[in-house]
Amino acid sequence: MNVWKVPLADVTMGPEEIAAVTAVLQSGWLSMGPKTQEFEERFADFLGVKYAFAVANGTAALHLACEVVGMGPGDEVLCPALTFVASANAVLYTGARPVFVDVIGSHDLNLAVDDAAAKITARTRAIMVVHYGGYPANMDAIAPLARQHGLKIIEDCAHAPGAAYQSAQGPRLAGTMGDIGCFSFFSNKNMTTGEGGMVVTNDEELSGKIKTARSHGMTTLTWDRHRGHSFSYDVVARGYNYRLDEMRAALGLVQLNRLEAGNARRRDLTEACRAQLQDLDDLKVPFRDAPDGSAHHLFPILLKDCAKRADFMAALARQGIQTSIHYPPVHLFSYYRSLWEAGYNHQVPLTEEIASRLVTLPLYPTLTMAQLNTVVAASRAYFR
Ligand SMILES: Cc1ncc(COP(=O)(O)O)c(C=O)c1O
């Protein structure tokens with residue numbers, strides 16, 4: 001499938017995935033049912049949380065999270081600008097407004113807590129924490145800030161399944177430190193179901209709301225009625241069809257088994273790549289001194305000179321190496337500009353400066369050392 005010698009990301013699929021999906025197809029029950037329940041239970045066990053709900057994708061997970069914490073028109077939500085647009089879009093769906101927060105700096109691309117604190121107003125309702133690239137954000141500073149101002153914390157863990165934050169109380173898994181954790185299983189993620197996601201929480205009241213809103217606000221599932229557990233249903237809230245299906249749940253169960261080994265391989269590749277690039281003056285590797293525990297979803301580098309970025313990416317592409325940019329800052333997209341052109345001033349100067357120099361190099365568990373060496377050699381040759 002790959003036109004690239006070294007693609008940016010790749011999936012790890014084996015006979016186990018094929019067998020698992022085939023078994024579902026043969027079972028005769030394809031929409032949300034026992035496999036999804038098993039996937040949710042296993043995912044909740046893995047994270048050590050009380051409740052997990054499988055959903056159609058990571059964006060649906062974020063939307064449900066935003067909705068059930070009560071976001072709505074007039075509310076402001078602190079959110080990094082250096083993220084995939086879905087983090088901010090989910091806030092917009094509720095009628096609330098994302099207020100963009102700057103990054104810490106070139107060594108750490110997560111949100112700066114002092115900037116978040118400075119942007120809190122009487123309207124601020126929540127903070128969307130994105131664990132950028134799989135590197136956990138500074139939750140020991142974010143949690144007390146949120147407590148002090150009565151803000152809900154939604155963790156966007158699209159990059160961070162299995163990432164452990166080294167908190168003062170010991171390691172804590174991403175997704176378990178806020179009110180709600182949201183995961184994506186899109187095909188470039190550390191574990192994938194093609195499209196898919198998960199919402200996790202320890203809060204019983206929120207869990208009930210998530211479960212209902214995921215399936216049209218209905219009180220029972222088709223699966224419940226199929227088993228004769230119920231004949232009818234009521235609709236008790238505004239809801240959506242954000243359900244996952246059984247094929248994807250079966251895939252997810254196998255992918256979850258691969259996650260820890262995949263994350264470890266990502267770590268080893270990251271360390272090897274860092275070591276081979278560290279003497280180059282023309283680029284910096286963010287998170288070089290980050291504590292252990294990242295899920296190593298991305299391998300971002302920062303060029304010294306933003307003017308060279310397009311040419312650098314083109315030089316690598318000519319050698320069959322795919323690169324990307326994570327991310328063009330959300331507030332600079334045309335749609336977001338159009339929303340706030342009149343009178344809303346997004347102050348994230350560091351994000352803008354840093355994002356102009358960012359490049360993401362390939363990283364995935366099946367990346368071979370030979371492929372990694374190709375990427376390193378091409379980068380070194382460019383700056384020689
Ligand atoms: C940070 C972040 N948030 C949210 C999402 C949305 O997830 P999905 O594509 O599964 O809707 C993604 C990835 O796609 C992401 O990278």
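The values are calculated or read from the model by the stated rules, or taken from the named source; none is laboratory data. Computed from a predicted model, the values in this text were never measured in an experiment. As a convention, Cβ positions derive from the backbone with ideal geometry for all residues, glycine included, and neighbour counts pool all protein chains shown.
Screening the stretch 233-268 for residues that are more than 15 Å from THR212 (Cα to Cα) and among the small types (Gly, Ala, Ser) and picking the one that is surrounded by the most Cβ atoms within 10 Å (Cβ to Cβ) gives GLY252.
Checked against (1) part of a helix (DSSP H, G or I); (2) surrounded by fewer than 16 Cβ atoms within 10 Å (Cβ to Cβ), PRO328 meets all criteria but (1).
For the stretch 211-255, the set of residues classified as among the aliphatic types (A, V, I, L, M), over 13 Å from ALA56 (Cα atoms) and within 22 Å of the chain's Cα centre (by Cα) consists of ALA250, LEU251, LEU253, VAL254, listed by residue number.
Kindly list the number of the only condition in (1) closer than 26 Å to PHE84 by Cα; (2) not in a strand (DSSP E or B) that fails for LEU280. The number of the failed condition is (1). Only a single criterion out of (1) touching a Ser or Thr at 6+ places or on another chain (Cβ under 7 Å); (2) of a type in the set (A, V, I, L, M, F, W, C); (3) within 16 Å of the ligand (Cβ to nearest atom) is not satisfied by ALA295, namely (1).
For (1) within 27 Å of ASP10 (Cβ to Cβ); (2) within 16 Å of the ligand (Cβ to nearest atom), each residue gets a yes or a no:
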position	(1), (2)
ARG265	yes, no
ASP268	yes, no
GLN278	yes, no
LEU283	yes, no
PHE287	yes, yes
PRO291	no, no
CYS306	no, no
ILE321	yes, no
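Here GLU155 fulfils each of the conditions (1) in a strand (DSSP E or B); (2) over 19 Å from the mean Cα position of the chain (by Cα); (3) not basic (Lys, Arg) apart from (2). Just checking, does the stretch 343-362 include any residue being at pLDDT below 95 and surrounded by 14 or more Cβ atoms within 10 Å (Cβ to Cβ)? There is at least one residue in the stretch 343-362 that is at pLDDT below 95 and surrounded by 14 or more Cβ atoms within 10 Å (Cβ to Cβ). Pairs linking a residue in the stretch 164-190 that is on the phi > 0 side of the Ramachandran plot to a residue that is more than 13 Å from the ligand (Cβ to nearest atom), with Cβ atoms under 7 Å and 6 or more positions apart or on different chains, are GLY175/LEU47; GLY175/VAL200.
To keep it simple, each residue is scored yes or no on (1) within 30 Å of ARG318 (Cβ to Cβ); (2) of a type in the set (Gly, Ala, Ser); (3) more than 16 Å from the ligand (Cβ to nearest atom).
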residue: ALA9; (1), (2), (3): yes, yes, no
residue: THR12; (1), (2), (3): yes, no, yes
residue: GLU17; (1), (2), (3): no, no, yes
residue: GLY28; (1), (2), (3): no, yes, yes
residue: PHE39; (1), (2), (3): no, no, no
residue: LYS50; (1), (2), (3): no, no, yes
residue: GLY58; (1), (2), (3): no, yes, no
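Please enumerate the residues belonging to the stretch 175-208 that are within 16 Å of the ligand (Cβ to nearest atom), surrounded by fewer than 24 Cβ atoms within 10 Å (Cβ to Cβ) and not in a loop (DSSP other than H, G, I, E, B). Result: PHE186, GLY194. Quick one: is GLN148 in a strand (DSSP E or B), surrounded by fewer than 21 Cβ atoms within 10 Å (Cβ to Cβ) and more than 16 Å from the ligand (Cβ to nearest atom)? For GLN148, the condition - in a strand (DSSP E or B), surrounded by fewer than 21 Cβ atoms within 10 Å (Cβ to Cβ) and more than 16 Å from the ligand (Cβ to nearest atom) - is not met.
Restricting the stretch 153-174 to residues that are out of contact with any Gly (no Cβ under 7 Å at 6 or more places or on another chain) and surrounded by fewer than 22 Cβ atoms within 10 Å (Cβ to Cβ), the residue that is nearest to GLY58 (Cα to Cα) is ARG172.
Conditions tested, residue by residue: (1) in contact (Cβ under 8 Å) with a residue 40 or more places away in the chain; (2) crowded, with 23+ Cβ neighbours inside 10 Å.
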| residue | (1), (2) |
| --- | --- |
| ALA90 | no, yes |
| SER106 | yes, no |
| ASN110 | no, yes |
| ALA122 | no, no |
| PRO144 | no, no |
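Could you list all residues from the stretch 251-274 that are farther than 27 Å from CYS66 by Cα and among the small types (Gly, Ala, Ser)? Of everything in the stretch 251-274, those that are farther than 27 Å from CYS66 by Cα and among the small types (Gly, Ala, Ser) turn out to be ALA261, GLY262, ALA264, ALA272.
Scanning the stretch 340-351 for residues that are part of a helix (DSSP H, G or I) and either touching a residue at least 60 places away in the same chain (Cβ under 8 Å) or of a type in the set (S, T, N, Q) (or both) yields PRO349, LEU350, THR351.
Results for (1) touching a His at 6+ places or on another chain (Cβ under 8 Å); (2) part of a helix (DSSP H, G or I); (3) in the same structural domain as PHE185 (by TED's automatic domain parsing), shown as yes or no for each residue.
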{"site": "LEU8", "(1), (2), (3)": "no, no, no"}
{"site": "VAL21", "(1), (2), (3)": "no, yes, yes"}
{"site": "TRP29", "(1), (2), (3)": "yes, no, yes"}
{"site": "GLU41", "(1), (2), (3)": "no, yes, yes"}
{"site": "ALA44", "(1), (2), (3)": "no, yes, yes"}
{"site": "ALA52", "(1), (2), (3)": "no, no, yes"}
{"site": "VAL77", "(1), (2), (3)": "no, no, yes"}
{"site": "ALA86", "(1), (2), (3)": "no, yes, yes"}
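Just one of the listed residues (ASP10, ASP45, ASP75) is touching a strand residue (DSSP E or B) at 6+ places or on another chain (Cβ under 8 Å) and over 23 Å from THR222 (Cα atoms), and it is ASP75. Pick from THR36, THR83: which is of a type in the set (S, T, N, Q), within 21 Å of ASN263 (Cα to Cα) and surrounded by 19 or more Cβ atoms within 10 Å (Cβ to Cβ)? That would be THR83, the only listed residue that is of a type in the set (S, T, N, Q), within 21 Å of ASN263 (Cα to Cα) and surrounded by 19 or more Cβ atoms within 10 Å (Cβ to Cβ).
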